[in-house]
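The values are calculated or read from the model by the stated rules, or taken from the named source; none is laboratory data. Predicted, not measured: the structure shown is a model, and the values here were computed from it. Using ideal geometry, Cβ is built from the backbone for each residue, glycine included, and neighbour counts are taken over all protein chains shown. Areas reflect the complete protein model, heavy atoms only, side chains present, ligands, DNA and RNA absent. Shrake-Rupley method; radii C 1.70, N 1.55, O 1.52, S 1.80 Å.
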Amino acid sequence: MTGRLGRFLVGLPPYLWLALFFLAPFAIVLKISLSQPDAGIPPYLPLWDAAAEAGRQWRGTFDNYARLAEDGLYLAAYLNSIRIAGIATLACLLIGYPAAYAIARAPTAWRNSLLLLVALPFWTSFLIRVYAWIGILKTEGLLNALLLWLGVIAEPLQILQTDLAVIIGMTYSYLPFMVLPLYATLEKMDLSLLEAAADLGCRPFKAFLAVTLPLSMPGIIAGSLLVFIPAVGEFVIPDLLGGTDTLMIGKILWSEFFDNRDWPVASAVAVAMLVLLVAPIMIVQNARAGAEDKAGGKGRR
Amino acid sequence: MILYVLLAFAYAFLYIPIVVMMVFSFNASKLVTVWGGFSTKWYAELLTNEKVLDAAWLSLKVAVVSATIATVLGTLAAVVLVRFRRFHGRTLFAGMVTAPLVMPEVIVGLALLLLFVAMEQAIGWPAGRSMTTIVVAHGTFSLSFVTVVVRSRLDRMDASLEEAAMDLGARPLRVFLSITLPLIAPALLAGWLLAFTLSIDDVVISSFVSGPGASPLPIVIFSKVRLGISPDINALATIVVALVGVAMAIAGRVALGRR
């Protein structure tokens, strides 16, 4: 059972599983995005009308996509998702970079424990960590109580149910994803390069900008992608921490499906997200992986 | 020096919300932001709440089964991607394995639900939304994460051990079982734990594929949390955090002990 048959048998189960439960669903999403909505169960009409007199008749429509283009809500939600996820990614970088740097330069014996402390929250429930912020951010919450007590503000601030709360929640939830890849690149860095820079009269801050920062670029890119990608399509954080006017594309898809029961439009939103969001990310990822494979292959020879 | 201040700030940011929540789970007052004395009544209330206990049990079952499916299939996928360099449909296969990693959860959930509805119409399976549909959905999206973990281990593995076994006449299946599998076992365990965590924590995909009869714990928590914070959720969260902390401590001990 060597050779072809063996390989075939090894590859078959995951191939079939993914084709059935990952690929086929998207074909169905595409199909339903072209269907007309209907009041029945399921709430859409078949693409082909079998009962028509002149045989089967095409009943598909592009109306759902037309609605996405015409109604400014969808475009606004798409742009706002990118904006919020972008700000959260930047905030993660600003908090995560010094933390990763400090861990990478800490005594070797401490590093694993310090790193574990960063990763630990990731292993506890995501939902619970988002929930924890509600008690802190709400108008009569702890942050406002603290600020009032300190005399920084005279009246409680409305933070919960704003875009700011969503950004805080995202930064908090995804911070470990930024720190871990940053640490990996910073830890591998050759410190003699910094010594060389210092010997040549370079001040520490300038050496950081000229040596450390460029060398840690792969970590910055990897961490930013790990934060940005899930943040853009996020539903739970904007739903719990954002307000009714916090437009995010994941939330729009959810409410089209669950609140409006409009399966065709929800499907059209999903297809649009795939084309405008996931496809570019996958292309960038593939380009990066390809470049790294090449660089790695050369390095190994 | 300033570096360590910034590091301390990052840890404070990560841990203060969790600590605050844990402290308030012992609050006697029903007002979640006013301290009304120490009490464990929310824990007692929680442990007699049938709905929460049923949901927790369902979540545990789903997580164990789906993590096991994901580990088996994800490991096979990793072997295919690392060892079989050229075959028909490799690009499609690699795409299907990596796509769930960057796919927004709302899309995965919607797509799987629409598949289940279409399949039920066509062949009568799966009948309605049940534990089965949740297991299939979780197994599918966590498969990719297992593949990433196992794949990086296979990539770094010394291929000469396998070659030596084959030179000595061992058949491929035998080589895999007695050489490859023991060597990648830590990655399998790590992948299984990751899949387990992803499953037991999932809200969005479960919301699409679960039905009224089968609500896992995160769905129960989520529907309560949407109405505002409540002290019994604080207690539940504290239990979850404590369990994870203990599990991590044991895992850390085991890992350090081996070294």
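So which residues in the stretch B:59-116 are closer than 18 Å to A:Leu20 by Cβ and touching a His at 6+ places or on another chain (Cβ under 7 Å)?
B:Ser66
Quick check: anything in the stretch B:54-69 within 9 Å of another protein chain (Cβ to nearest Cβ), under 21 Å from B:Trp192 (Cβ atoms) and open to solvent by 40 Å² or more (accessible area, probe 1.4 Å)?
Checked against the condition, which is being within 9 Å of another protein chain (Cβ to nearest Cβ), under 21 Å from B:Trp192 (Cβ atoms) and open to solvent by 40 Å² or more (accessible area, probe 1.4 Å), the stretch B:54-69 yields at least one hit.
Condition first: crowded, with 20+ Cβ neighbours inside 10 Å and within 11 Å of another protein chain (Cβ to nearest Cβ). Now tell me which residues in the stretch A:202-225 satisfy that.
Answer for the stretch A:202-225, where residues must be crowded, with 20+ Cβ neighbours inside 10 Å and within 11 Å of another protein chain (Cβ to nearest Cβ): there is none.
Within the stretch B:189-211, is even one residue over 30 Å from A:Ile134 (Cα atoms) and open to solvent by less than 20 Å² (accessible area, probe 1.4 Å)?
yes
Examine the stretch A:80-103 for a residue that is open to solvent by 10 Å² or more (accessible area, probe 1.4 Å), away from every other protein chain (no Cβ under 12 Å), of a type outside the set (Phe, Trp, Tyr) and in contact with a Leu (Cβ under 6 Å, 6 or more places away or on another chain), and state whether such a residue exists.
Among the residues of the stretch A:80-103, at least one is open to solvent by 10 Å² or more (accessible area, probe 1.4 Å), away from every other protein chain (no Cβ under 12 Å), of a type outside the set (Phe, Trp, Tyr) and in contact with a Leu (Cβ under 6 Å, 6 or more places away or on another chain), which makes the answer yes.
What residue, among those in the stretch B:5-15 that are of a type in the set (A, V, I, L, M) and at the interface with another protein chain (Cβ under 7 Å from one of its Cβ atoms), is surrounded by the fewest Cβ atoms within 10 Å (Cβ to Cβ)?
Taking the candidates together, the pick is B:Leu6.
Given the structure, is A:Leu150 more than 9 Å from every other protein chain (Cβ to nearest Cβ) and buried (at least 17 other Cβ atoms within 10 Å of the Cβ)?
For A:Leu150, the condition - more than 9 Å from every other protein chain (Cβ to nearest Cβ) and buried (at least 17 other Cβ atoms within 10 Å of the Cβ) - is not met.
Please state which one of B:Ile2, B:Ile18 is out of contact with any Phe, Trp or Tyr (no Cβ under 9 Å at 6 or more places or on another chain), among the aliphatic types (A, V, I, L, M) and at the interface with chain A (Cβ under 7 Å from one of its Cβ atoms).
After applying the criteria, what remains is B:Ile18.
Which of the following residues is free of Cβ contacts under 8 Å to residues at least 24 places away in the same chain and not hydroxyl-bearing (Ser, Thr, Tyr): B:Val80, B:Val108?
One residue alone meets the criteria, B:Val80.
Could we say that B:Leu31 is outside any helix (DSSP H, G or I) and at the interface with chain A (Cβ under 10 Å from one of its Cβ atoms) here?
When the stated conditions are applied, B:Leu31 passes them.
What pairs come out if I take residues in the stretch A:61-81 that are basic (Lys, Arg) and pair them with residues that are buried (at least 16 other Cβ atoms within 10 Å of the Cβ) whose C-beta lies under 9 Å away, six or more apart or interchain?
Short answer, once both residue conditions are applied: A:Arg67/A:Tyr74; A:Arg67/A:Val265; A:Arg67/A:Ala268.
Which members of the stretch B:178-217 meet the condition of being within 23 Å of B:Val117 (Cα to Cα), within 10 Å of chain A (Cβ to nearest Cβ) and not hydroxyl-bearing (Ser, Thr, Tyr)?
The answer is B:Asp202, B:Val203, B:Val204, B:Phe208.
Only residues that are hydrophobic (A, V, I, L, M, F, W, C) and assigned to a helix (DSSP H, G or I): list them for the stretch B:142-168, please.
B:Leu143, B:Phe145, B:Val146, B:Val148, B:Val149, B:Val150, B:Leu154, B:Ala159, B:Leu161, B:Ala164, B:Ala165, B:Met166 - these are the residues of the stretch B:142-168 that are hydrophobic (A, V, I, L, M, F, W, C) and assigned to a helix (DSSP H, G or I).
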